[in-house]
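Step one of this worksheet: look at the structure below.
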Amino acid sequence: MTSRTATTAVLLHCEYWNVRRRTEWTSLFASDVVFEDPVGARPKIGEDAIRNSWDRSLTPGREWTLNPVRIVGTETEVAVQMHNMGVIDGRQVEVHGIEVWKVNSAGLVISVRAFFEQPKDFELSPYFQIDRAD
């Protein structure tokens, strides 16, 4: 049994993100976590990926609020129907996706796979595009 389930990790991820509690948010992840965000891009791995996921999402003129619509799975792995509501340069935007989260036996997140279509009417940060340069 894990000390924190995958469902709890997702709920805490959204809670900490939405109230901008970066320290608590970063503590949810294992130091060797693998982000496939989006799936199809090169994986982002480890502590740099944790920091960059926060820093490159919440930049001046860009804000995101996360709403897990539905969570289904097991103690260590869940699929999440995620609704991302954003404000980019004063404009309301939305991204809907499916995310798959895994935790290890200590309850730390070891994998996040985010499936979503790249928006056509606004541009995400290059860090969250399939063909990112970094």
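Taking label points 7 Å from Cα along the Cα-to-Cβ direction, ILE45 and ASP32 give a separation of 0.9 nm.
Approximating the spin labels as points 7 Å out from Cα along Cα→Cβ, the ILE98-to-ARG21 distance works out to 3.1 nm. Stretched out straight at 0.36 nm per residue, the stretch from SER3 to VAL72 would grow longer than its current Cα-Cα span by 23.0 nm.
Counting only alpha carbon atoms, the long axis of helix 46-55 and the longest principal axis of the chain meet at about 40°.
Computed from the coordinates by the stated procedures, all read-outs in this text should not be read as laboratory data. The model shown is predicted, which means the values in this text are computed figures rather than measured ones. Please note: Cβ atoms are built from the backbone with ideal geometry, for glycine as well, and neighbour counts cover all protein chains shown.
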